[in-house]
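See below for the structure under consideration.
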Amino acid sequence: MRFSYSWLTEHLKTNANFEEIEKKLTSIGLEVEDIQDTGKAYQDFIVGQVLEEKKHPNADKLKLCKVDIGKEKVDVVCGAPNVEKGMKVVYAPVGSTIPVNQMKIKAAKIRGVESYGMMCSEYELGISNEHDGIIRLEEKETIGRSFSEIYGLNDIVIEIGITPNRQDCLGVKGIARDLASAGMGELLERKISGEKGSFKSPIKIEIQDNKICSAFAGRYFRNVKNTESPEWLKNKLKSIGLRPISALVDITNFVMYDENRPLHVYDADKIDGKIIVRSANDGESFLALDEKDYHLKNGMCVIADEKKVLGLGGIMGGESTGCSTETKNVLLESALFDEINTAKTGRNLSILSDARYRFERGIDPNSTLKGIDLATQLILEICGGECSEVELAGNIKENKNEVSTSSGYISRRLGFEVSDKELISILSSLGIETSQTGDVIKCLIPSWRQDIHGEADISEEVIRIKGYENIPTSNIRLKSKINKNILNYAQKKLMKARHFIASIEYDELVTFSFTDSKNCEVFGDINKLKIVNPISEDLDILRPNLLPNLLQAIKKNKNRNFDSFSIFEIGSQYRSTSPEDQLNVACGIKSGIKTEKSWKNIQTEFDIYDVKQDLTSLIDYLMPGNKKISVSNDCPSWYHPGRSGSIKINNSVIAGYFGELHPRVASQFKIKNKINIFELYLDELPNTEKKTTNKPVLNLSDFQIVTRDFAFVIDKKVKSEEIVTSAFKVDKELIRNVEIFDLFEDDNLGKDKKSIAIKVTLQSNEKTLAENDISEISSKIIESVEKSTSGTVRS
Amino acid sequence: MKDFRELETEIKKASDKFTNIESINEFRIKFLGKKGIISLEMKGLASLSGDERKQHAEKLNKIKDTVLEIIASKTEELNSEELEKKLNSETLDITLSTSKSYGTIHPISQVIEEVITIFGDLNFFVAEGPEVETDYNNFTALNTSEHHPARQMHDTFYVETETDGMPNVLRTHTSPVQIRSMLKQKPPIRLIAPGKTFRCDNDQTHSPMFHQVEGLVIDQESNMSHLKGCLEIFLKTFFETDKLNMRFRPSHFPFTEPSAEVDIGYTKKGNQIIIGEGEDWLEILGCGMVHPNVLENVNINSNEYQGYAFGMGIERLAMLKYGISDLRTFFDSDLRWNKHYGFSPLNIPSIIGDLS
């Protein structure tokens, strides 16, 4: 909401200076967002008169002028085609700044001739787009007079943010009223003559649906002259950024911004018969003042005559009855349209208008007739003519909202003592009438405050006027805890996983929860993931998986010359757009160079064993203690079928996957690198929250440790893990560890054979193992492994 | 009586010639070996008798001790010389290096963890809710009816699923977590709810996805002064400053009454924003006393219980604290940015240690 300081002071008698007003506005909830001191911006510009005008000796299009600026006469080189002797102009002296481009005027030689200052166009002064010539002021203007005074620019324009509840401040008067309540002065009542009218309006009004329009007041004017508005009115509208159109339209705009009362004027000669306020018929269409055709639906409030739709109630008038300079007779409308219905219609048709904005926030019903009176006075004054009596259809609701409260309630909510006396005094400053019975204070809410419904609202009014800075500060530390745990097990798991993954060299990314449905079929059912109104075509679904966005990140960074990627994201992915179909997943990618070639290392690349190790050690960190992790080949289709594995915990749930990205998916994302991925479905990890702080009992043996190496030749298809398990199960007490330390593949071993070497660690709790103990267990190991893998030991 | 002076001189002479461990060995054999001079003399003692044997034995033992001492000290001397020589030849170029790198924690995660740490210390637990929400939880239950003008200020993303005949939405704020939590738990309640939020807006200062943290306290006495106290502790701890100008001013949210926006003071030094003191104000969060209608919507008696709620943008907190200038860079996945603004994984926010 924009208004000028001078406009405000038409409603507010105050001794406060501008800075105090500015501070108070913000402190009562009318946040000052911008201030433009136009008086300051235009302070240097004055009226001058061209005394002489002759051709520039060195340039055809330039002229040499002598300009009288009062205290002296200066030479100015000017390029405007309309400059002529005797003309009154706006003169910008040396040292002034041209508003449109912030150029500072200097004394300068233009094509060899000295020029002091400049004569300005409206464009250069930033007041219109007119730049065909310099401003021609009226003959009568006094030389040396300040230009801003003439144009009514000697002012400060204030822009405040109005929160949706403060409909009462969508007019300058309301702002003045609130400032007066907050002790910044006295609200001035405008004197309105209250013309009664000398004849009955020839246009009757009928409300067919009083739910969508409870009251409609109309007044007929005959023989008006719809001229250009007078300077004061034009300047007022211009000062708040509105374009003056014609007197009738400007008057309705003025009343809207002054009194927060939307009005409308119809060219009465274009109305057929009476005015009918009704619900639109399905399929009806209407050309609005914004020159767009709207197709209406039942339920929308239209103002119609007996033949056609004239306007959308509370939203926008129509072309057919628009006023022009030819208009002779008019009908002035001031009505009460339903808030919700106006909001609905406006949203359905996507029409934003000042009227809609106000009606959907609620309009003071008492402004209906006051608005008519103010507009009548201005129309008669500016456009002449005669007015009819006011024709009122429907009812203007007079009863005020009633709210009961007490100083006890208000004090309890605000956190400091407010006495009955103080409470009543603040309320009455807001125009709220009170009556007290015992502790209960009954409040009658004035009609301009449509937002006060309950006690809580009263508490806000009190603190708003008293000032939020008067709220004390209280300690909130508790004597005894309310919450035993700050984070639950799942939340701790997520946080731990994040830090662990980052500690093994991955950089955490946070990407959008949306992604591009293209290329995503492989990851999920994209039809179940659609966003109805996506921000762009390539962010049209909720992500079925974290991978698509991470793959795009790789592609982007590849273009930035990165050749080694360790990235991860922990976040949600979605099975569908139902609230419960959201999963927590950690997804990491390692791709490209693992170790750079250097004086110490040879270059190596990441492979699936890197991500496998990361995944298993992550699981180990999140689920310490005994568990069985097994690996199998059943991976989702975005993995390379031969180079991926799923991780099962305790033979029950699949908790995650690791492997290489399927080459087909990689090529869809236009990625050439090998992409090694792990995914951990955090919600699937069994809950292993600690029940005791005790660690398991530790049995240490001091007897000698013995290691023995074995190598087996087995089929390539057989998983090496089989060797480890079958060796282990030979003697669970003596065998402390089995580890694969070599893998060897060669045709000499036989077709499709590989050699796997293991190191077995043996230790007894009772004795030092003798050679025969060792050879006995060794042969059992060989027997067990050969049997389970159909392999043979290499000797 | 035998004079051992000659022997002593011989020992002295021999001990001056040590050049390596072998010469010490020879020296030891020469005097202390089975057939060594001292050993032979010792054997000869048997032929003596009485006082003479005693005197000779004493003398010889002294000489033997001297020899052992010489061997020990000379061995030590030679060993250190040897080590010194070895050390001199064993030099590496210490300017060469290999590197060990950690990954990084995204600033969003860091700030969320900092916020949790501070509020956790004040006994707020961390509540959660889904990112796809029902229209009821996101708006209606929060006192924002279907045609409330505030709804238009939220550019809402809609999805194709429905709940109770209304299309589900991507939550436009973390406030619906208030509703979910209050339906689950009776007062007293103290919670925060950090998480992702979505609005259909994309320009220099808006991202279609961003993060918020919601706070909610419901009990029998919490009022505006507690709200002020709560936010003061939080903001001072978060910005790691003892001096913080804070300004509450009236605002409007459908789900709080009174509502306030909170500004904090700052000064600008060059391109740097210093939070704390100064004439200028930065808007940092919105808050207020929970609207009685919201409590009634979750079956909490608003005559018995009251409390406050607040909500703030994680990105804004991160930008102000860590000097990140562009909102959109958070989700850009530019690894140069992540490596620069990211945090060490070992850097876990703490109240007793460092917050950041």
At the interface with chain B (Cβ under 9 Å from one of its Cβ atoms) and either of a type outside the set (Val, Ile, Thr) or part of a helix (DSSP H, G or I) (or both): is that true of A:Asn527 in this structure?
yes
Give me the residue from the range A:562-576 that is at pLDDT 95 or above and not in a strand (DSSP E or B) and, out of that set, farthest from A:Leu615 (Cα to Cα).
A:Ser576
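Scan the range A:536-561 for residues that are in contact (Cβ under 8 Å) with a residue 24 or more places away in the chain, part of a loop (DSSP other than H, G, I, E, B) and either among the acidic types (Asp, Glu) or open to solvent by 30 Å² or more (accessible area, probe 1.4 Å) (or both) and report the count.
Our first condition is that a residue be in contact (Cβ under 8 Å) with a residue 24 or more places away in the chain; within the range A:536-561, this holds for A:539-555, A:558.
Now restrict to residues that are part of a loop (DSSP other than H, G, I, E, B): A:540, A:543-546.
Add one more test, that the residue is either among the acidic types (Asp, Glu) or open to solvent by 30 Å² or more (accessible area, probe 1.4 Å) (or both), and what stays is A:540.
Residues meeting the conditions: 1.
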Answer residue from the range A:645-656, given it is without any contact (Cβ under 8 Å) to a residue 24 or more places away in the chain and surrounded by 13 or more Cβ atoms within 10 Å (Cβ to Cβ) and is nearest to A:Asn545 (Cα to Cα) among those
A:Ser646
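To keep it simple, each residue is scored yes or no on (1) in contact with a strand residue (DSSP E or B) (Cβ under 6 Å, 6 or more places away or on another chain); (2) more than 23 Å from B:Gly265 (Cα to Cα); (3) β-branched (Val, Ile, Thr).
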| residue | (1), (2), (3) |
| --- | --- |
| B:Gln306 | no, yes, no |
| B:Ala309 | yes, no, no |
| B:Glu315 | yes, no, no |
| B:Tyr322 | no, no, no |
| B:Arg328 | no, yes, no |
| B:Asn338 | yes, yes, no |
| B:Gly342 | yes, yes, no |
| B:Asn347 | no, yes, no |
Which strands (runs of 3 or more DSSP E) does the range B:220-297 wholly contain that include 2 or more residues that are among the basic types (Lys, Arg), surrounded by fewer than 17 Cβ atoms within 10 Å (Cβ to Cβ) and more than 8 Å from chain A (Cβ to nearest Cβ)?
B:256-269
So which strands (runs of 3 or more DSSP E) stay within the range A:292-363 end to end and still have 1 or more residues that are without any contact (Cβ under 8 Å) to a residue 24 or more places away in the chain?
A:293-295
Among the listed residues A:Leu237, A:Leu233, A:Leu242, identify the single one that is in a loop (DSSP other than H, G, I, E, B) and farther than 26 Å from A:Lys307 by Cα.
A:Leu242
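Here's the yes/no breakdown for (1) open to solvent by 70 Å² or more (accessible area, probe 1.4 Å); (2) assigned to a loop (DSSP other than H, G, I, E, B):
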residue: A:Phe712; (1), (2): no, no
residue: A:Val718; (1), (2): no, yes
residue: A:Lys732; (1), (2): yes, yes
residue: A:Val738; (1), (2): no, no
residue: A:Ser755; (1), (2): no, no
residue: A:Asn772; (1), (2): yes, no
So which strands (runs of 3 or more DSSP E) are wholly in the range A:1-106 and hold at least 3 residues that are open to solvent by 50 Å² or more (accessible area, probe 1.4 Å)?
A:31-37, A:46-56, A:59-68
What's the total number of residues in the range A:482-493 that are more than 7 Å from every other protein chain (Cβ to nearest Cβ) and either hydroxyl-bearing (Ser, Thr, Tyr) or open to solvent by 40 Å² or more (accessible area, probe 1.4 Å) (or both)?
5
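Residue-by-condition table, conditions (1) among the charged types (D, E, K, R); (2) closer than 24 Å to A:Asp373 by Cβ; (3) within 14 Å of chain B (Cβ to nearest Cβ):
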{"site": "A:Lys140", "(1), (2), (3)": "yes, no, no"}
{"site": "A:Gly144", "(1), (2), (3)": "no, no, no"}
{"site": "A:Met184", "(1), (2), (3)": "no, no, no"}
{"site": "A:Glu195", "(1), (2), (3)": "yes, yes, no"}
Within the set of pairs 6 or more residues apart or between chains, which connect a residue that is more than 23 Å from B:Gly229 (Cβ to Cβ) inside the range A:411-428 to a residue that is open to solvent by 30 Å² or more (accessible area, probe 1.4 Å) and not in a helix (DSSP H, G or I) with Cβ atoms less than 6 Å apart?
A:Ile424/A:Thr434; A:Leu427/A:Thr434
Among A:Asn676, A:Asn748, A:Asn694, the single one that is exposed (fewer than 14 other Cβ atoms within 10 Å of the Cβ), outside any helix (DSSP H, G or I) and at negative phi is A:Asn694
Which numbered condition in (1) open to solvent by 40 Å² or more (accessible area, probe 1.4 Å); (2) within 30 Å of B:Glu82 (Cα to Cα); (3) touching a helix residue (DSSP H, G or I) at 6+ places or on another chain (Cβ under 7 Å); (4) not hydrophobic (A, V, I, L, M, F, W, C) is the only one that B:Glu10 fails?
(3)
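Test of understanding: among A:Glu460, A:Glu455, which residue is at the interface with chain B (Cβ under 8 Å from one of its Cβ atoms) and open to solvent by 50 Å² or more (accessible area, probe 1.4 Å)? Outline the logic, then answer.
Working: A:Glu460 fails: open to solvent by 50 Å² or more (accessible area, probe 1.4 Å).
Selected residue: A:Glu455, the only one of A:Glu460, A:Glu455 that is at the interface with chain B (Cβ under 8 Å from one of its Cβ atoms) and open to solvent by 50 Å² or more (accessible area, probe 1.4 Å).
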Suppose we keep only residues that are open to solvent by 10 Å² or more (accessible area, probe 1.4 Å) and polar (S, T, N, Q) within the range A:494-524. Which one would you say is farthest from the other protein chains (Cβ to nearest Cβ)?
A:Asn519
Is it the case, given these coordinates, that A:Ile127 is surrounded by 15 or more Cβ atoms within 10 Å (Cβ to Cβ), among the β-branched types (Val, Ile, Thr) and outside any helix (DSSP H, G or I)?
yes
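Select from the range B:75-114 the residues that are outside any strand (DSSP E or B), within 29 Å of A:Lys597 (Cβ to Cβ) and β-branched (Val, Ile, Thr) and write down the one among them that is farthest from the other protein chains (Cβ to nearest Cβ). Show your work before the answer.
Initially, the range B:75-114 is screened for residues outside any strand (DSSP E or B), giving B:75-103, B:106-114.
Okay, now just the ones that are also within 29 Å of A:Lys597 (Cβ to Cβ), so B:90-103.
Remaining after also requiring β-branched (Val, Ile, Thr): B:91, B:94-95, B:98.
Values: B:Thr91: 16, B:Ile94: 13, B:Thr95: 11, B:Thr98: 6 Å.
Out of the qualifying residues, it is B:Thr91.
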Step by step: first the residues of the range B:157-169, then only those that are surrounded by fewer than 21 Cβ atoms within 10 Å (Cβ to Cβ) and assigned to a loop (DSSP other than H, G, I, E, B), then the one that is nearest to the other protein chains (Cβ to nearest Cβ). Which residue is that?
B:Asp164
Which condition does B:Ser302 not pass, out of (1) open to solvent by less than 30 Å² (accessible area, probe 1.4 Å); (2) closer than 22 Å to B:Thr197 by Cα; (3) in a loop (DSSP other than H, G, I, E, B), if it passes all the others?
(2)
Which residue, of B:His206, B:His211, is surrounded by fewer than 21 Cβ atoms within 10 Å (Cβ to Cβ) and within 11 Å of chain A (Cβ to nearest Cβ)?
B:His206
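If I ask for residues that are facing chain A (nearest Cβ under 8 Å) and part of a loop (DSSP other than H, G, I, E, B), which ones from the range B:130-139 would you list?
The first filter runs over the range B:130-139 and keeps only residues facing chain A (nearest Cβ under 8 Å), leaving B:130-134.
Of everything in the range B:130-139, those that are facing chain A (nearest Cβ under 8 Å) and part of a loop (DSSP other than H, G, I, E, B) turn out to be B:Pro130, B:Glu131, B:Thr134.
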Limited to the range B:127-139, what total is found for residues that are open to solvent by 10 Å² or more (accessible area, probe 1.4 Å) and touching a Leu at 6+ places or on another chain (Cβ under 8 Å)?
1
Give the residue, chosen from A:Glu766, A:Glu776, that is open to solvent by 60 Å² or more (accessible area, probe 1.4 Å), within 15 Å of A:Gln704 (Cβ to Cβ) and assigned by TED's automatic domain parsing to the domain that holds A:Asn737.
A:Glu766
Out of (1) within 8 Å of another protein chain (Cβ to nearest Cβ); (2) assigned to a helix (DSSP H, G or I); (3) surrounded by 19 or more Cβ atoms within 10 Å (Cβ to Cβ), the one B:Gln152 does not meet is (3)
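The values are calculated or read from the model by the stated rules, or taken from the named source; none is laboratory data. This one's a predicted model, so the numbers in the text were calculated from it and none came from an experiment. Ideal geometry is used to build each Cβ from the backbone, glycine not excepted, and the neighbour counts take in all protein chains shown. For the accessible areas, the whole protein counts, side chains as well, though only heavy atoms, and no ligand, DNA or RNA atoms are used. Shrake-Rupley method; radii C 1.70, N 1.55, O 1.52, S 1.80 Å.
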